[in-house]
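Heads up: the structure comes next, in structure tokens.
Read the figures in this text as sums done on the coordinates, not as results from a lab. Computed from a predicted model, the values in this text were never measured in an experiment. Cβ atoms come from the backbone with ideal geometry, glycine included; neighbour counts cover every protein chain shown.
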Amino acid sequence: MKKGRVLKNIILYGFIVVATVLCFAGAYRVLSWKDTSGSDLSSLSQLYNTEKDLMDVVFVGSSHCYCGIYPPYFWEDAGIAAFDLSVSAQDRISALHHLKELLKTQSPKVVFFDVYGITYAEQMVVSNEYRNMLSMRQSVNSMELVAEYAPKEKWLDYWFRFPIIHGRYKELKKTDFVTYAPNRFGRGELVNFRLNDSGIGELLSLDEFHPAALSSDQTKWLEELTELSKKKGFQLVFYSAPFYISQEAQDQMDAVAVYAEENGIPMFDFNRMRDELGFDFYYDLQDPEHCNANGARKLANFFEGYLAENVALTDHRGDERFWQWDQDLEWYRHVSTLDELTRETDPVEYARILAQEKDFKVIISLEGSDFASIEGVDYPAVLMEFGIADEKGGKWLYEDGKAVKVLENQLDAEPYYVKLNNTDTMRLQYQGDYLFPENVMIGRQSYYNNGHRLLIIVYDELLEKVVHCGYF
């Protein structure tokens with residue numbers, strides 16, 4: 001009898017322990033930190049979603065890396081499987097351990113290292129500290145990162161993570177419960193077409209070469225990177241992205257250049273090479289610190305040239321194993337189209353751009369009773385871009401080059417439902433013109449004409465979300 005009771009207690013306690021672990025695991029999956037560069041993007045999630053030994057070229061660094069290096073350029077031009085392992089404000093300790101994390105599953109031939117991380121003494125923004133300390137899967141490597149970076153009194157908080165992330169309840173959103181699509185196929189970049197209009201002053205004069213005296217910790221970091229490259233068999237290349245650099249930081253870049261020369265490591269300081277690169281600090285930056293798509297194009301051209309001359313790489317285009325690079329390039333093209341839409345003020349041209357694109361589901365909502373040209377908008381001409389010759393108002397779905405009218409502007413019309421993805425359903429109905437939020441609902445979010453006669457909603461099926469609304 002006693003043995004039976006003991007056995008029952010063991011089973012009960014074991015069940016409680018397992019249930020507790022599963023509950024904490026489920027809660028951690030939702031509450032965990034999933035953002036390394038803003039916009040719900042995580043280079044670590046993208047890494048973990050990549051099969052083994054697909055990456056040929058890896059770029060490591062801070063926001064200078066994910067803003068300045070676009071893997072889709074390398075893929076489109078030469079089928080190079082490149083990846084950005086980058087985190088906002090990635091310091092040197094974080095960079096080293098993130099590279100070690102990548103090397104668990106990938107065997108790149110070349111690693112380009114943005115050495116600006118050597119200038120970081122500590123994180124100045126707590127969210128960046130979390131991005132660098134909490135995004136990696138728990139392992140010996142992640143624990144070593146904490147032990148090297150954080151003070152001892154914070155070790156347990158960072159190792160167990162729950163003391164930090166348990167306060168995220170109020171900020172939870174859809175991407176905490178469902179993986180954001182680009183985190184399955186993205187290759188680390190954050191695409192931006194904005195131009196630098198900050199009115200920043202003069203560029204730093206770089207006539208003199210003035211290497212700083214590196215600290216023992218900085219020198220040790222460079223030595224560890226060098227040894228890691230030898231151990232893992234990849235070519236190590238240092239670079240510094242172009243931006244409005246300070247004199248103090250430039251002196252440290254000069255010091256890294258000295259180390260690189262002494263150790264036979266290629267080093268490309270693009271601030272010193274800005275004339276050779278043809279870099280325009282208005283046209284090629286999005287702000288004083290970061291490249292835009294134009295600047296990233298120039299960096300890609302340079303690195304592609306270097307790789308063509310120095311490294312034998314396979315063109316992987318057409319290989320199904322590299323589907324993520326195909327989708328990443330498609331994503332870049334979508335962002336480029338979105339940039340065009342955002343800047344376009346002519347509704348006919350806006351419609352023409354959309355009508356030529358694939359992977360977009362377009363919802364067209366035309367309300368009111370007179371659809372002639374009003375306030376300079378030729379509504380029939382806009383509709384004709386989608387192949388719509390209807391003289392009445394209503395709501396259409398446009399996809400695969402074809403528009404289908406799904407709802408008339410009639411108060412007694414039955415609502416029309418469209419399942420957009422596993423979590424979102426769109427409901428179209430008509431309760432009146434212009435000012436009725438219930439007319440277009442996606443999930444709990446209203447997308448309605450808001451006082452405008454014509455509304456064009458752009459739903460990106462690759463990203464599984466609304467990316468733009470045009471009101472005319």
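Among the GluC sites (Glu not before Pro) found in the stretch 300-406, those both in a DSSP coil and sparsely packed, with 15 or fewer other Cβ atoms within 10 Å of their Cβ, are GLU375, GLU391. Of the peptides 167-173, 279-285, the ranking by mean beta-carbon count within 10 Å, highest at the top, reads 279-285, 167-173. The packing ranking of peptides 90-97, 28-35, highest mean first, is 90-97, 28-35, where packing means the average number of other beta carbon atoms within 10 angstrom of each residue.
Going by a ≥ b ≥ c, the root eigenvalues of the Cα gyration tensor, does the stretch 329-469 fall in the rounded group (a/c under 1.5), the prolate group (a/b larger than b/c) or the oblate group? Oblate, because a/c is 1.5 or more while a/b does not exceed b/c.
Within a Cβ distance under 10 Å of TYR70, other residues only, what is the Lys/Arg minus Asp/Glu net charge?
Values: positive: ARG187, ARG297; negative: GLU76, ASP84, GLU189, ASP328.
Overall, the nearby charge balance is -2.
Kirkwood radius and radius of gyration were both taken over the C-alpha atoms of the stretch 141-256, and their ratio Rg/Rh is 1.05.
Placing a pseudo-label 7 Å from each Cα along the Cα-to-Cβ vector at LYS8 and GLU408 gives an inter-label distance of 7.0 nm. The modelled label-to-label distance for the pair ASN263/GLU330, using points 7 Å beyond Cα in the direction of Cβ, is 4.2 nm. Taken as Cα centroids, the stretch 124-152 and the stretch 322-388 sit 43 Å apart, rounded to the nearest whole angstrom.
Suppose R0 equals 30 Å. What FRET efficiency, 1/(1 + (r/R0)^6) with r the Cβ-Cβ distance, do PHE302 and LYS231 give to the nearest 0.05?
Working: r = 28 Å, r/R0 = 0.93.
For R0 = 30 Å, the calculated efficiency reads 0.60.
In this label model, GLU202 and GLU148 are separated by 4.0 nm, measuring between points 7 Å along each Cα→Cβ vector.
Summarising the amide proton neighbourhood of TYR239: residues at separation of 5 or more, or on other chains, whose placed amide H is nearer than 5 Å comprise PHE113, ASP114, VAL115, PHE268. Matching the structure-derived Kirkwood radius over Cα pairs in Å against the labelled list (i) 25.2; (ii) 23.5; (iii) 24.6 gives the label (i).
Helix check for the chain. Which DSSP H runs span at least 20 Å along their own axis by Cα, with a mean Kyte-Doolittle hydropathy no less than -0.5? Intermediate results must be reported in sequence, preceding the final value.
Values: long enough: 2-31 (43 Å, 1.15); 216-232 (24 Å, -1.51); 247-262 (23 Å, -0.74); 293-310 (25 Å, -0.42); 323-343 (31 Å, -1.30).
Span-like helices here: 2-31, 293-310.
Counting 0.36 nm for each residue step from VAL311 to ASN450 and taking away their Cα separation leaves a gain of 44.5 nm.
What full-extension length gain, to one decimal in nm, is calculated for ARG321 and ASP339 as 0.36 nm per residue of separation minus the Cα-Cα distance? Don't skip to the answer; put the middle values down first.
Numbers: separation 18, 0.36 × 18 = 6.48 nm, distance 2.99 nm.
Extra length available between ARG321 and ASP339 comes to 3.5 nm.
Place a label point 7 angstrom from the Cα of LYS173 along the Cα-to-Cβ direction, then list the residues of the stretch 49-91 whose backbone nitrogen is under 19 Å away. Output list for this probe position: 88.
At a Förster radius of 51 Å, what calculated FRET efficiency corresponds to the Cβ-Cβ distance of TYR416 and SER216, to the nearest 0.05?
Numbers: r = 68 Å, r/R0 = 1.34.
The pair TYR416/SER216 has a calculated efficiency of 0.15.
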